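The values are calculated or read from the model by the stated rules, or taken from the named source; none is laboratory data. Please read all numbers here as calculations on a predicted model, not as lab measurements. Reconstructed Cβ throughout: ideal geometry from the backbone, glycine too, with neighbour counts over all protein chains shown. Just so you know, the surface numbers come from the protein's heavy atoms only, side chains and all, with ligands and any DNA or RNA stripped out. Shrake-Rupley method; radii C 1.70, N 1.55, O 1.52, S 1.80 Å.
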Amino acid sequence: MHLEIKSDFLVIGSGIGGLTFALKAAKSGTVTIITKRGVSESATFYAQGGIASVWSKEDSFESHIKDTLDAGAGLCRKDIVDMVVRGAPERIQELISLGVEFSKRPISAANGNIEELELDLGKEGGHSKRRIIHATDLTGKAVEDALVNAVNADPNITVYENHIAVDLITHSKFVAPSDKEMVWGSYVLDKSSGTVKTFLAKATILATGGAGKVYLFTSNPDVATGDGIAMAYRIGADIANMEFIQFHPTCLYHSKAKSFLISEALRGEGAVLKTKDGGAFMRRHHPMADLAPRDIVARAIDFELKKSGDDCVFLDISHKNAAFLKDRFPNIHRKCLEFNIDITKDLIPVVPAAHYTCGGVRTDRDGATSATRLYAIGEAACTGLHGANRLASNSLLEALVFAGRASLHAAEVVKNTSSIIPSIP
Ligand code: SIN
């Protein structure tokens, strides 16, 4: 049995990048999404921290740009950083319009009465201002749920769950090799029937996430196996910066905990990294101490562990009000309790773990790759935003901005492409 499914846009992956692209592209054509497990299963779903955006009057685009460039250790593309940072507030508004309920805090009037609510802004490593828009510590779930609801309601979008992309279909496989490869779609394994289906499209979008599962210890879900990057590599598309794998400083260290992140937002609210003897050590490593960029904190922990021979370090936020902690970090509080760790009283054992693939399929400002009709968005892409080390909470933001731009670019390509398979001479 040979099955062939055709649409204008083929989106591989169903995290924030893929779903946002699909919703926008569906305004100008038919969209097929394939995803290797359930539609929500993605790194996005597990994102805790939030989305970085200049929001408060005390903040500025210049400051967010500088923090991104500093974290990226001189290897970011400045024009991309500028574009993404300035595009953030509009993208946040779009998510709010879609129904994402970000956490809010009351603004008090001079007489002490509560006048209205405003978005609560968190802080994370490398940020000089509070600018992390979040939904408690379950930001990814809040965003993914809203996007999935919108996708399910869109008649122009069809989702194929439990379908794994195997390889890209290229012009040169059927016609003749050329300097610039053209992509026609993807061969896809339907896990339930065991058949390989042919998905053809005028534009193919890799929103397949990163490759964290290459590492034994990672914060990533099992689906983060880098297959989109590998497929692009196999057709000769440009890949860049794969050596820059970001290690998150604080994954829960417990024999029964699998890939559970202790968000950097805890350090944003005052948590302090300590060695077993209770000594805080980050000030010895960087002037920003516990809120230094992520690569610096992860290396500092590694240094301390090698020096002491211990298995982990500890995060201490027990000095904060217990009610505040339960309200701000309900997920982390609940999950740690499963392992008999009460974050309101106990030290939290943590270690660094592979967290984010800064490199990926190289794209231009519109998410277009070096192959015609192939786009990459989100962690699968290397847009130039992150350089050698991504600034915290810039990843969901990057996916939103590039999904929007790529959808416009790809819509033009689709409009000007009369047939998925060009006439073969
Ligand atoms: C975190 O919550 O610490 C992770 C945020 C991110 O990876 O940007």
(message) I need a count of the residues in the range 81-101 that are within 21 Å of Cys358 (Cα to Cα) and more than 17 Å from the chain's Cα centre (by Cα).
(response) 3
(message) Please pick out the residue among Asp302, Asp310, Asp295 that is open to solvent by 10 Å² or more (accessible area, probe 1.4 Å), in a loop (DSSP other than H, G, I, E, B) and either within 16 Å of the ligand (Cβ to nearest atom) or not hydroxyl-bearing (Ser, Thr, Tyr) (or both).
(response) Asp310
(request) Considering each of Leu396, Leu391, Leu408, Leu385 in turn, give the residue that is within 15 Å of the ligand (Cβ to nearest atom), assigned to a helix (DSSP H, G or I) and at pLDDT 95 or above. (result) Leu396
(request) Being open to solvent by 10 Å² or more (accessible area, probe 1.4 Å) and within 12 Å of the ligand (Cβ to nearest atom) is the filter here, so list the residues in the range 253-266 that pass it. (result) Phe260, Leu261
(request) Being surrounded by 17 or more Cβ atoms within 10 Å (Cβ to Cβ) and within 24 Å of Ala224 (Cα to Cα) narrows it down to one of Gly72, Gly87, so name that one. (result) Gly72
(request) Give just the number: which of (1) surrounded by fewer than 21 Cβ atoms within 10 Å (Cβ to Cβ); (2) small (Gly, Ala, Ser); (3) within 24 Å of the chain's Cα centre (by Cα) does Ser193 not satisfy? (result) (3)
(message) The conditions are (1) open to solvent by 60 Å² or more (accessible area, probe 1.4 Å); (2) farther than 15 Å from Val401 by Cα; (3) without any contact (Cβ under 8 Å) to a residue 12 or more places away in the chain, and Leu98 fails exactly one of them. Which is it?
(response) (3)
(request) Kindly provide the set of residues from the range 120-161 that are surrounded by fewer than 24 Cβ atoms within 10 Å (Cβ to Cβ), part of a loop (DSSP other than H, G, I, E, B) and either among the basic types (Lys, Arg) or free of Cβ contacts under 8 Å to residues at least 12 places away in the same chain (or both), ordered by number. (result) Lys123, Lys129, Arg130, Ala153, Pro155
(message) With the requirement that a residue be among the small types (Gly, Ala, Ser), outside any loop (DSSP other than H, G, I, E, B) and surrounded by 15 or more Cβ atoms within 10 Å (Cβ to Cβ), what does the range 315-359 give you?
(response) Ala353, Ala354
(request) Could you tell me which of the residues Leu117, Leu168 is under 30 Å from Ile421 (Cα atoms), hydrophobic (A, V, I, L, M, F, W, C) and not in a loop (DSSP other than H, G, I, E, B)? (result) Leu168
(message) Checking the condition among the basic types (Lys, Arg), under 19 Å from Ala403 (Cβ atoms) and buried (at least 24 other Cβ atoms within 10 Å of the Cβ), which residue from Arg373, Arg362 passes?
(response) Arg373
